[in-house]
Amino acid sequence: MAPIPKSMFGVIIPYPGGPDVLEYRNDLPVPSLGEGQILVRNEYIGVNYIDTYFRTGLYKPPSPSSNSNHPSTNNPDDTSSPYPLITGKEGAGTITASSHPSYPVGSRVVYLADSTYAQYTLLTSPPTQATLLPASLTPETACAAYLQGLTALTFIREAAGITQQLGISEGPWTLVHAAAGGTGSMLVQILAVMGAKIIATAGGKQKCELAKKLGAGWVVDSSLPQEEVVRQVKEITSNKGVDVIFDGVGKATFGTVDLEVVARKGTVIVFGNASGAVEPVDLFRLMPKNIKIMRPSMPGYITTPEEKEAFTSELFDLLVTGKIHANIHQVYPLKDVAQAHIDLESRKTTGKLLLKVE
């Protein structure tokens, strides 16, 4: 392996704001390796909606003391503010330094960790963060599928309790909002493998066609007036309603669509804020149909190495056998990260956005 430099290039957020605050730098310190840790030279970095939440300040960033990849970690005079911040939650690349026996130098890994918008990322707990890649999966494919694939799989299995039943061709009625997006496309594909009846919403003809190709049995154009979306979903289900709703849109769909079309004893799973955070809920609105509401987080389902191994193995098997695939919208150079954020927030993209580290 090539010698590890003392400085690296990466992207920092000096303070919360729009895409214009994303600052490409080539003088960031390379994190120092500690006991039981690994240092990964990134090849691909995933761009996710959660990255925009940390950029805008919607989500509170981790403190410098709890983040070994924080650019101010090596500056003892700057420990009070989480900014400047290197954001990013997933990456794939090659281990360039290791003090963990199960993760040798030269191995390829895909991982979930903080501060991935950089040339190097330090993983402080490899067994819960990183997975060694099989020869059949490229870093590009793995990075495109990992976070959102695990999110979809854990939400389907754990939050919704949906499992594949051999001999059963029709599972529960499900509704997936933003079905042409990164997480939405994974939800549709995996639900199709599980045998669920899938209604997908997506904005515009092109996205609706993609959702259909991914496995949705019915598609509804989300650019229609919401009362028309509600009418079509009810008609599709013969007024029964939807057993499980997967909502990554949030504010714009929760109260006006989800609570209207969810079935009696149904479940609404809200996991994203693409249109803004869901406002406080009047619990009395849940009573007529005994509705269950969840706001899950994927990391809460894979907190142990055993949980991570089980879900990762299932996801890799789905990818390798061709039952699902990674739908990549575009690969951007790392220095063009601001454009990637603009494109993602425009809601005009389909599938996964990746950053390429040269």
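The values are calculated or read from the model by the stated rules, or taken from the named source; none is laboratory data. Nothing here was measured: the structure is a model prediction, and the numbers come from that model. Glycine gets a Cβ as well: all are built from the backbone with ideal geometry, and neighbour counts include every protein chain shown. SASA here: full protein model, heavy atoms, side chains in, ligands and nucleic acids out. Shrake-Rupley method; radii C 1.70, N 1.55, O 1.52, S 1.80 Å.
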Q. Residue 175's amide H: which non-local residues (gap 5+, or another chain) put their own amide H closer than 5 Å, with H modeled 1.01 Å from N in plane and none for Pro or chain starts?
A. 199, 244, 245, 246
Q) Can you give the charge dipole size of the range 250-340 about its Cα centre, rounded to the nearest 20 debye, using +1 on the beta carbon of Lys and Arg and -1 on the beta carbon of Asp and Glu? A) 360
(Q) Once you place label points 7 Å from the Cα toward the Cβ at residue 163 and residue 310, how far apart are they in nm? (A) 1.0
Q: Search the structure for amide H atoms under 5 Å from the amide H of residue 266, placed 1.01 Å from N in the peptide plane, and list their residues when 5 or more places away or on another chain.
A: 292
Q.
Give the separation of the Cα centroids, the range 195-243 to the range 1-20, in Å.
A. 41
Q | Amide H partners (placed H, <5 Å) of residue 222, local residues excluded | A | 202, 203, 204
Q. Dipole of the range 180-257 (Lys/Arg Cβ +1, Asp/Glu Cβ -1, origin at the Cα centre): which of 254, 229, 185 lies farthest to the positive side?
A. 185
Q: In Å³ and rounded to a whole number, note down the convex hull volume per residue for the Cα atoms of the range 269-331.
A: 180
**Q.** Segment residue 297-residue 20, length gained on full extension (0.36 nm per residue, minus Cα span)
**A.** 96.9 nm
Q.
Only Cα pairs within less than 10 Å get springs; with that Gaussian network setup on the chain, which residue of 281, 220, 268 has the largest fluctuation?
A. 281
Q: Please sort 16-23, 340-347 by packing, taking for each peptide the average over its residues of neighbouring beta carbons within 10 angstrom, highest first.
A: 340-347, 16-23
Q) Mind listing the phi-derived Karplus ³J(HN,Hα) values for the range 268-279, rounded to whole Hz, using 6.51, -1.76 and 1.60 with θ = phi - 60°, and x for any glycine or proline? A) 10, 9, 9, 9, x, 10, 4, 9, x, 5, 5, 6
(Q) Compute a Gaussian network model of the chain, connecting alpha carbons closer than 10 Å, and tell me which residue from 186, 294, 194 fluctuates the most. (A) 294
Q) Any idea how far apart residue 317 and residue 27 come out in nm if each label point goes 7 Å out from Cα toward Cβ? A) 5.1
Q.
Output wanted: per-residue J couplings in Hz (rounded whole) for the range 106-114, from phi through Karplus 6.51 cos²θ - 1.76 cosθ + 1.60, θ = phi - 60°, x for Gly and Pro.
A. x, 6, 8, 9, 10, 8, 10, 6, 7
Q: Could I have the simple spin-label model distance between residue 346 and residue 283, label points 7 Å from Cα toward Cβ, reported in nm to one decimal?
A: 4.4
Q. How large is the helix-only mean residue ellipticity at 222 nm for the chain, computed as the sum of -39500 (n - 2.57) over DSSP H runs with n ≥ 4, divided by its residue count, in deg cm²/dmol to the nearest 500?
A. -7500 deg cm²/dmol
(Q) Taking the Cα centroid of the range 312-355 and of the range 79-123, what is the distance between the two, rounded to the nearest whole Å? (A) 19
Q) Of the residues 290, 69, 327, which exhibits the maximal mean-square fluctuation in a Gaussian network model of the chain defined by a 10 Å Cα contact cut-off? A) 290
Q. Using a probe of 1.4 angstrom, how much of the accessible area of the chain is carbon and sulfur, in percent?
A. 52
(Q) Per residue of the range 347-356, what does 6.51 cos²θ - 1.76 cosθ + 1.60 with θ = phi - 60° give for ³J(HN,Hα)? Whole Hz please, x for Gly and Pro, Karplus curve as stated. (A) 6, 9, 8, 10, x, 8, 9, 10, 10, 9
